[in-house]
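First the structure, in the form of structure tokens, and then the observations on it.
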Amino acid sequence: MKLAAVLVIFLVSAEAAAQATAPGACGKPVEVPACGESQRCEPGPVFAVPDAWHGLVGCLRGLRDIWARGGPDAAVALGQGSSMPVATLVRRQVEAELGNPRVRVDPAEALKSALADERRNTERLDLKGRIERVALLNDRGRPYNAMGQAGLSYILYNLSGLAAQSRYPLAAEDSALFRAVARGALQVVVADVSQGGLASRRACEPNSAQRCAWYHSITRRDQPTQAGATLNQHLHVVRDLGLSADYLAARGWDEGIDFDRAVAEGLNQLFIGRGDEAPGSPPDLADFLSPPLGKAGARRAYYGFNTLAQNKQRGYFLDKGSKDCGYHFHVLVLFGQILKRAEQRGEMAGLQNKVFACGSPLAELHRAAVLCRDDAHVEPRPNIGGGDFPCPAQEPPPADRQYMKYLDDRFSRCARGEDAAPAGMNELGPVQSPPKAP
């Protein structure tokens with residue numbers, strides 16, 4: 001074989017090896033449909049991302065990581081020998097999602113201006129006050145998934161920061177667009193349901209100055225917004241609000257959103273909220289506790305809570321085998337992430353006893369997880385809307401074990417039969433009585 005041919009093969013192989021594999025969450029690339037004359041649509045594909053914004057978050061997270069490792073020009077393989085720079089792919093993916101008929105941008109004229117085919121113009125650079133809200137809509141034309149909104153916001157802030165520190169022709173415009181969409185999506189999360197948002201707020205106790213908030217999030221698109229009370233999704237919102245707050249603070253960006261209040265209200269709802277009082281009222285953490293199950297009396301976390309159900313049994317499992325067990329562990333990891341951050345920031349005063357008391361709702365969920373981790377205590381869940389299944393002994397992924405250890409340390413005294421607050425917490429108030437059964 002001639003040297004020139006060998007060199008060509010080598011260069012082609014090296015180029016293919018240098019291309020990053022597209023994240024699995026992105027799905028398959030498809031050609032973008034034709035656009036109007038006023039909207040910029042570059043030729044080439046975008047990903048047909050499955051699983052709504054939950055999938056889009058996973059897709060953009062993977063593209064963010066490729067960008068962070070290889071810069072804005074890092075090539076992402078699209079199949080059939082084609083590729084695209086990651087910054088271009090991210091921009092096209094975001095713009096394609098904004099054109100999704102299920103996505104509403106307020107005011108609509110701001111989006112039209114933002115996507116106008118004008119190079120380096122002030123319209124594209126000054127979007128913070130122009131895009132007020134961005135929402136993914138359900139079949140009723142209302143926002144419905146706070147988890148997807150909050151998660152997308154955090155990743156878009158990350159991408160805005162990457163664009164801001166990159167040097168390519170549309171870097172400033174991309175940074176402004178990603179940041180504006182992120183802020184618009186968060187504005188929907190923290191707005192009250194009555195104002196077209198996803199938060200149900202009320203006083204934690206009658207006549208109390210403390211406020212509690214539930215962030216409605218549900219996967220189904222046929223249900224009213226207020227029906228969405230999925231525990232892990234509410235916790236994702238609270239965690240991602242904190243992550244966005246930390247990221248924005250590190251960059252010195254002020255979005256005019258009170259993140260500390262939003263996080264505190266979400267935690268308050270779980271630990272000092274009034275909980276389920278009647279159909280339509282948001283739950284507290286005790287409402288997600290199952291009845292005592294098995295010989296050990298373990299109380300597992302319901303996956304969700306239908307706030308609008310007329311019967312008193314509003315908590316429910318998925319009834320899909322080990323998925324309920326997996327979500328139980330996932331919920332505890334999220335609690336570990338949220339509470340560890342709050343403790344490090346000195347924001348747990350007044351909540352410590354309610355959160356970490358032996359017999360608290362969180363202590364009950366932690367105890368059930370400890371039993372699941374011990375093969376000797378594995379027991380089947382009683383028949384609840386489906387066949388029995390065992391909760392297998394399991395550990396969270398290595399990256400999440402620090403958060404389980406955080407909870408293990410906080411509740412270690414409970415296993416020893418010491419029903420007292422951890423050191424330094426006794427002055428914060430009386431230990432709460434055991435939670436009510438749902």
To two decimal places, what compactness ratio does the stretch 148-255 give when its Cα radius of gyration is scaled by 2.2 N^0.38 Å? 1.23
What is the P(r) of the stretch 265-304, as percent of Cα-Cα pairs per 10 Å bin from 0? 29, 46, 22, 3
Less than 12 Å Cβ to Cβ from LEU334, Lys/Arg counted +1 and Asp/Glu -1: what total charge do the surrounding residues give? +1
Report the full-extension gain for the segment GLN210 to GLU132: residue separation times 0.36 nm, less the Cα-Cα distance, to one decimal in nm. 25.3 nm
Compute the distance in nm between two label points, each set 7 Å from the Cα along the Cα-to-Cβ direction, one at LYS323 and one at LYS28. 2.4 nm
Around PRO143, with a cut-off of 13 angstrom between Cβ atoms, what is the net charge of the other residues, counting Lys and Arg +1 and Asp and Glu -1? +3
Pull out the extension gain between ARG220 and THR21, defined as 0.36 nm times the separation in residues minus the alpha carbon to alpha carbon distance; nm, one decimal. 68.6 nm
Quick note, the stretch 235-292: a/c under 1.5 would make it rounded; otherwise a/b > b/c is prolate and the rest oblate (a ≥ b ≥ c, C-alpha gyration tensor); here it is prolate
Stretched out fully, how many nm does the piece from ALA278 to ALA249 gain, at 0.36 nm a residue minus the Cα gap? 6.5 nm
Is there a quick way to get the dipole size of the stretch 142-250? I mean about its Cα centre, with the Cβ of Lys and Arg at +1 and of Asp and Glu at -1; what is the value in debye to the nearest 20? 140 debye
Extend 7 Å from the Cα of TYR168 along its Cα-to-C-beta direction; within the stretch 67-87, residues with backbone N under 11 Å of that point are 67-68, 70-76, 84-87
Compute the Kirkwood hydrodynamic radius of the stretch 210-348, taking the inverse of the mean of 1/r over all pairs of distinct Cα atoms, and give it in Å to one decimal. 16.0 Å
If amide hydrogens are placed 1.01 Å from N in the peptide plane, which non-local residues have theirs closer than 5 Å to the one on ASN138? TYR144
Just rank TRP67, TRP253, fewest to most, by other beta-carbon atoms within 10 angstrom. TRP253, TRP67
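Read-outs: derived from the displayed coordinates by stated rules, not from any lab. Quantities reported herein were computed from a predicted structural model and do not represent experimental measurements. Note that we place each Cβ from the backbone using ideal geometry, even for glycine, and neighbour counts take in every protein chain shown.
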